[in-house]
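Reviewing the structure listed below.
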Amino acid sequence: MAPRSCERLLALLPYKGDVVHARWSGEALWSPPTLVWRRQSFLVQENATQCPKPGEIPLYAGELSEPGLLIPYGACSFASQAGPLEGNPVLFIEEGAARLDGLGADILRRGALKLSLSISPRL
């Protein structure tokens, strides 16, 4: 994980945005937090990865592209029009990761969906 990047993500919660297919990156979804992310606010690389596994969600906020959360559901390589990107791992989907494949295919066919991230206490 990436402690400083996780802190930045926690500061954005509750997060509401769109999730679209990340065609540049392969089998992945992408959510740009541009409405809540301060301009010119970059993250240093912390355990950054270009090829996250399904369910491993990196956050990118560098100079090459706009900030974004990548949600891989299959083979992917984080990229943009500017080229390869490396994101800092901030979330990992443990339960329900198997459903990401169907969600990815659905978003590819039908278009964007709403995404909401928040913290709920475990009982």
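What follows is calculated from the coordinates using simple rules that are stated; it is not laboratory data. The structure displayed is predicted, hence computed values, not measured ones. Backbone-built Cβ (ideal geometry, glycine too); neighbour counts: all protein chains shown.
Numbers at a glance
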read-out: Spin-label pair LEU35/SER118, simplified geometry with 7 Å Cα→Cβ offset, distance in nm; value: 1.5
read-out: Burial order of peptide ranges 47-55, 11-19 (average beta-carbon count within 10 Å, highest first); value: 47-55, 11-19
read-out: Nonlocal amide H pairs with LEU115, under 5 Å, H built at 1.01 Å; value: GLY17, ASP18, VAL19
read-out: Derived scalar couplings ³J(HN,Hα) [segment 13-29; Karplus, 6.51 cos²θ - 1.76 cosθ + 1.60; whole Hz; x for Gly, Pro]; value: 6, x, 9, 10, x, 9, 10, 10, 6, 9, 4, 5, 9, x, 7, 7, 10
read-out: Amide proton proximity set for ALA22, modelled H, under 5 Å, gap of 5+; value: ALA28, LEU29, TRP30
read-out: Share of pairwise Cα separations in the chain, more than 24 Å, in percent; value: 19
read-out: Highest-fluctuation residue, GLU46, GLU63, GLU95 considered, GNM on the chain with Cα pairs under 10 Å; value: GLU95
